[in-house]
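Undergrad: So that we are looking at the same thing, I have put the structure below in structure tokens.
Any read-out appearing in this document is the output of simple, stated calculations on the displayed coordinates, not a laboratory observation. Keep in mind that this is a model prediction, so the values were computed, not measured. Positions of Cβ are generated from backbone atoms using ideal geometry, with glycine treated the same way; all protein chains shown enter the neighbour counts.
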Amino acid sequence: MTDSDRVERYLVLVEKLERLEDEVRLLQGEVRTVMEAMTEAEERQAAEKLGQDHAAKFRALERHMEQRRSPPVE
């Protein structure tokens, strides 16, 4: 990769990062707006759902790591 290629790649990445940061700010605003409109029951339901999703992802990761540690089946 030439110096020119690296500079061009850097500029592309910086531009992409700026777009992503703008999108994150928009999403954070939308999340805040929705959260402010939620009732306490909806907040509890959302927290429970997030907890379940997190737990499921964690279990999947544990299974994956266990499979990697297990000796290959012959």
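Undergrad: If each DSSP helix of 4+ residues adds -39,500 (n - 2.57) and the sum is divided by the residues in the chain, what number results at 222 nm, nearest 500 deg cm²/dmol?
TA: When only DSSP H runs of four or more count, the value is -32000 deg cm²/dmol.
Undergrad: Given charges of +1 on the Cβ of Lys and Arg and -1 on the Cβ of Asp and Glu, with all other atoms neutral, how large is the dipole of the chain about its Cα centre, in debye to the nearest 20?
TA: 400
Undergrad: Which value in nm describes the separation of the simple spin-label points at residue 42 and residue 69, placed 7 Å from the Cα toward the beta carbon?
TA: Label-label distance for residue 42 and residue 69, simple model: 4.2 nm.
Undergrad: Set Lys and Arg Cβ to +1 and Asp and Glu Cβ to -1, take the dipole of the chain about its Cα centre, and tell me which of 45, 28, 10 lies farthest positive.
TA: Positive-end residue among those listed: 45.
Undergrad: Moving on. Where does the stretch 3-68 land on Rg/Rh, using Cα atoms and the Kirkwood Rh?
TA: 1.24
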